[in-house]
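Encoded as structure tokens, the structure appears first; notes follow it.
Read-outs throughout are calculated quantities, based only on the coordinates presented, and are distinct from any laboratory measurement. Every value quoted in this text rests on a predicted model; they were computed, and no experiment measured them. We place every Cβ from the backbone using ideal geometry, glycine too, and count neighbours over all the protein chains shown.
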Amino acid sequence: MSETSLDSKTQQAMIDSINDEYYARAFYNAVMEKFGSVRPFSNIVQSENNHVNLWVNIFAKYGIAVPIDNFAGNIKVPDTLKAACKMGVEAEIANVQMYDKFLNFVTEPDLKAAFTQLRQVSQERHLPAFERCQTQPIRGQGRSS
């Protein structure tokens, strides 16, 4: 499967990206297991699924093995929904910074488009949703295990 034309730095960027999506999806699912199907986690988890699928297709296109998701079911969730929202804010900010770094060296048009699209979703949709979640009163948090 090493028949790809991509350099190792670009391949690592792809791996880091799909792992980031795996982690986000696992974290948002874990939050919902703990607190119920609360927004924005319930909305954004579907977006993360779409991002994983995007990467799976790109890995296939370049003939690179898709990394295994080692995050599902292995994520600790904070004690409060507000703290989970704060972690969401921090994760989305880190996400944007990661994509900025990758966009400095990735040259393949389809990969640049994927990184740009995912960066935009993090910056313009997910980050504001988690920022609102941090500052608004939480409703329906009363679910316990």
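Here are the numbers for this structure:
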quantity: The lone exception for ASN53 - which of (1) in a helix (DSSP H, G or I); (2) at positive phi it fails; calculated: (2)
quantity: Restricting segment 80-128 to residues that are surrounded by fewer than 20 Cβ atoms within 10 Å (Cβ to Cβ) and of a type in the set (Gly, Ala, Ser), the residue that is nearest to ASP7 (Cα to Cα); calculated: ALA113
quantity: Segment 1-16, residues that are part of a loop (DSSP other than H, G, I, E, B) and crowded, with 17+ Cβ neighbours inside 10 Å; calculated: LEU6
quantity: Within segment 17-46, considering residues that are touching a residue at least 40 places away in the same chain (Cβ under 8 Å) and not in a helix (DSSP H, G or I), the one surrounded by the fewest Cβ atoms within 10 Å (Cβ to Cβ); calculated: ARG39
quantity: Counted residues, segment 28-57 - those being over 16 Å from ILE15 (Cα atoms) and of a type in the set (Val, Ile, Thr); calculated: 4
